[in-house]
Amino acid sequence: MQHRQFAGCVDASTRFLASRADALSAMHVEAAVCGGRARHRRRLVTRARAVTTTTTHDARTSTLEPMPKKLEIGYWGIRGLGAPARMMCEHAGIEYADVVFSDAAAWFGGVKPELCKTCAFANLPYVRDGDVVVSHSTAVYEYIGVTAGADAFADETGRFANAQALAESYDLRNALMKVVYPFNGVTMTKEAFETNCEKHMEKLPTFLAKYENWLKTRKTKWLVRDDSPSSADFSFWEMLDQHEIIAKKRGMKSPLENFLELQRYYAEFRALPKLASYFSSPAYAMPMNSIGGGAWIY
Ligand SMILES: N[C@@H](CCC(=O)N[C@@H](CS)C(=O)NCC(=O)O)C(=O)O
C-alpha cells in the first residue's frame, strides 16, 4: 500500500485535492484556511492522505466489497469521535482527505455554515462524499462502512446486530465523556475527575461483560462478521483502547483482565495489517480528548 502524505501542510493538501479534481474538497480546505486570518492559517492543520487505488486489498476480493471511493473526513485534531472514521478509511484503503481543525473559528465560522447548506445537522465528525454530507459519528461510521463494504452484511440480521453494538459503544462513550469533560456539569474540577474516573473504571466491566457475552453468543471473530470488522468494531475498539490508555495512565490493571474473549478481540484488531500504517501515523498519536475543550485526561 502506498501512502502519499502531506502532514501538516495546508498548501500541499489543498493542491493535492485540487489536483484530484475534487473541487468541492479543495474549496472547503481553502475556506477553512482562508476563512481566518493569517494566524488561523498557521494554526489550522489540514492533512490529506491518498492511498493508491491500484493497491490490492484482500477485502475487496469479496463480492460484498464495493469499489473504493474518495471521501473527506472532518474532525478536530484529537482521536475523539474521529478515530473510528479515520481507521475505517485506512482499513478499507479508501482514498480520503483527513481535514483536521485546530481552530474553532475555522470550523464554526467557516466550514460548518458552508456544510449546513447541504446538511443542517453538520457537526464534527462529518464525512463528505461529493455532494453528500453526513454528520453524527455513528451515521458517519455507517456511511463509511456501507461505502467501504465493512457494513455490507449478508442479511438484515447483520445490519441490526451492527446497529446495536454501535449504539452500545456510544453509551460507553457518553459515560466516559461525563468524566472527561467539565461541560456536562458532572466533572467540574480535577478532584471530581479523580473520584468520577475511579467510579467509571469500576463500572466499566458492566459494559465489557456485555461485549464479552455478545462475542461468545454470536461466536464471531468480530462483533458482527467473521471476515472483516464492521463499523461497530471500529467504534468499540476505539473505546477499548482509550480505556486501556486511561488505565495505564492511572497505574491501573488492564480493564480486560477478566475478559478473555475481549483480550483476543483487542489484540487481533490491533494487529490488523491494514491498520499498521494508521497505528504508526500521527493520527493515532493525537490526544484522545481536547485540551482546549477542558478535558481532564488526554
Ligand atoms: N452526536 C454527535 C456529537 C458531535 C459532537 O459533539 N461533536 C463535537 C466534537 S466531539 C464538536 O465539537 N462538534 C462541533 C459542532 O458542534 O459544530 C456525534 O455523535 O457526532
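The values are calculated or read from the model by the stated rules, or taken from the named source; none is laboratory data. Here the structure is a predicted model, which means the values were calculated and not measured. Here the Cβ positions follow ideal geometry from the backbone for every residue, glycine too, while neighbour counts run over all protein chains shown.
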Mind counting the residues in region 162-185 that are surrounded by fewer than 14 Cβ atoms within 10 Å (Cβ to Cβ) and either of a type in the set (Asp, Glu) or assigned to a loop (DSSP other than H, G, I, E, B) (or both)? 4
Taking region 67-88, which residues are surrounded by fewer than 24 Cβ atoms within 10 Å (Cβ to Cβ) and away from the ligand (no atom under 13 Å from the Cβ)? MET67, PRO68, LYS69, LYS70, GLU72
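Please go through region 135-161 and give me each residue that is assigned to a helix (DSSP H, G or I) and within 14 Å of the ligand (Cβ to nearest atom), ordered by number. Break it down stepwise before answering.
Our first condition is that a residue be assigned to a helix (DSSP H, G or I); within region 135-161, this holds for 137-148, 156-161.
The answer is SER137, THR138, ALA139, VAL140, TYR141, GLU142, TYR143, ILE144.
Tell me, which helices (runs of 4 or more DSSP H) wholly within region 226-298 include 1 or more residues that are more than 20 Å from the chain's Cα centre (by Cα)? Even if it seems obvious, please write down each step before you answer.
Working: elements: 231-249, 260-270, 276-279, 282-285.
It comes to 231-249, 260-270.
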Could you pull out the residue among ALA271, ALA267, ALA283 that is buried (at least 17 other Cβ atoms within 10 Å of the Cβ) and either within 17 Å of GLY82 (Cα to Cα) or among the aliphatic types (A, V, I, L, M) (or both)? ALA283
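Based on what the data block shows, is THR118 in the same structural domain as ARG79 (by TED's automatic domain parsing), more than 13 Å from the ligand (Cβ to nearest atom) and at negative phi?
Numbers: in the same structural domain as ARG79 (by TED's automatic domain parsing): yes; more than 13 Å from the ligand (Cβ to nearest atom): yes; at negative phi: yes.
Taking the combined requirement at face value, the residue satisfies it.
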Within region 103-123, residues in a loop (DSSP other than H, G, I, E, B), out of contact with any His (no Cβ under 8 Å at 6 or more places or on another chain) and buried (at least 22 other Cβ atoms within 10 Å of the Cβ) come out as none
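Condition check ((1) more than 12 Å from the ligand (Cβ to nearest atom); (2) in the same structural domain as ARG250 (by TED's automatic domain parsing); (3) under 19 Å from the mean Cα position of the chain (by Cα)) across all residues:
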| site | (1), (2), (3) |
| --- | --- |
| PRO125 | no, no, yes |
| VAL133 | yes, no, yes |
| ALA163 | yes, yes, yes |
| ARG173 | no, yes, yes |
| LYS199 | yes, yes, no |
| PRO205 | yes, yes, no |
